[in-house]
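To start, the structure under review is shown below, and the notes come after it.
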Amino acid sequence: MKILQRYYAEHGALFWQIVRYGVTGLFVTACQAAIYWCLAALAGFHPQVANLIGYAAAVAIGYVSHSLFTFRGHGGEANHAARGAKFVAVSLISYALNALWVYLCVTHMHWPEWSPIPAMVFVTPAVMFGLNRQWVFK
């Protein structure tokens with residue numbers, strides 16, 4: 001029992017941070033995916049343009065959500081301008097990954113507009129957690 005208590009004391013904060021990231025990330029990703037799909041499938045936008053607009057909305061929603069909820073209390077009090085710039089830089093990687101999924105699924109494979117959404121929901125957020133935790137919100 002003492003081993004579990006010691007393990008929780010050492011890793012409990014990380015566990016709950018991952019849970020908060022999952023909840024927040026799911027919300028942000030759902031917003032991005034919904035915007036992308038509505039613009040690409042319903043409004044007839046080019047899939048990459050729809051992805052870019054969804055990305056821009058997700059960056060704004062994500063920065064506020066992750067600052068206030070996911071990574072609250074993690075690391076020191078950083079300058080919001082510097083942290084915001086880092087967040088945008090990391091978010092560009094997210095955008096590039098999602099653009100890759102859109103290209104591979106929709107443009108290259110000629111699959112439906114919804115086909116990149118599973119990669120947007122599962123693969124991209126896993127990469128982003130590590131980058132945000134280790135660089136942006138450290």
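The values are calculated or read from the model by the stated rules, or taken from the named source; none is laboratory data. Everything numeric in this text was worked out from a predicted model, so none of it was measured. All Cβ positions, glycine included, derive from the backbone under ideal geometry; neighbour counts span all protein chains shown.
Looking across region 90-116, the residues that are surrounded by 14 or more Cβ atoms within 10 Å (Cβ to Cβ) and in contact with a Cys (Cβ under 7 Å, 6 or more places away or on another chain) come down to Ser115, Pro116. The set of residues from region 32-46 being touching a helix residue (DSSP H, G or I) at 6+ places or on another chain (Cβ under 7 Å), part of a helix (DSSP H, G or I) and over 15 Å from Ala119 (Cα atoms) comprises Ile35, Leu39, Ala40. Taking the conditions (1) in contact (Cβ under 8 Å) with a residue 24 or more places away in the chain; (2) surrounded by 15 or more Cβ atoms within 10 Å (Cβ to Cβ); (3) under 12 Å from the mean Cα position of the chain (by Cα) in turn, Ala119 satisfies each one other than (1).
Suppose we filter Ile35, Ile53, Ile18 for residues that are under 22 Å from Lys138 (Cβ atoms) and touching a residue at least 12 places away in the same chain (Cβ under 8 Å); which single one remains? Don't jump to the end; show me each part of the working.
Numbers: Ile35 fails: under 22 Å from Lys138 (Cβ atoms); Ile53 fails: under 22 Å from Lys138 (Cβ atoms).
So the residue among Ile35, Ile53, Ile18 that is under 22 Å from Lys138 (Cβ atoms) and touching a residue at least 12 places away in the same chain (Cβ under 8 Å) is Ile18.
Could you tell me which residue of region 10-36 is modelled with the lowest pLDDT, considering only residues that are surrounded by 18 or more Cβ atoms within 10 Å (Cβ to Cβ) and over 16 Å from Pro125 (Cα atoms)? Among those that are surrounded by 18 or more Cβ atoms within 10 Å (Cβ to Cβ) and over 16 Å from Pro125 (Cα atoms), it is Tyr36. Taking the criterion of being at pLDDT below 85 and within 13 Å of Gly25 (Cα to Cα), the residues of region 68-95 that qualify are Thr70, Phe71.
Going by what's in this entry, would Ala126 be described as without any contact (Cβ under 8 Å) to a residue 24 or more places away in the chain and within 20 Å of Leu26 (Cα to Cα)? Even if it seems obvious, please write down each step before you answer.
Numbers: without any contact (Cβ under 8 Å) to a residue 24 or more places away in the chain: yes; within 20 Å of Leu26 (Cα to Cα): yes.
It is true that Ala126 is without any contact (Cβ under 8 Å) to a residue 24 or more places away in the chain and within 20 Å of Leu26 (Cα to Cα).
Scanning region 105-132 for residues that are at pLDDT 85 or above and closer than 26 Å to Asn79 by Cβ yields a total of 6. Starting from region 91-112, take each residue that is closer than 15 Å to Phe129 by Cα and list its partners that are surrounded by fewer than 16 Cβ atoms within 10 Å (Cβ to Cβ) and of a type outside the set (Phe, Trp, Tyr), counting only C-beta distances under 9 angstrom and pairs at least six apart or across chains. Pairs found: Ile93/Val127; Ser94/Val127; Tyr95/Ala56; Leu97/Val123; Leu97/Val127.
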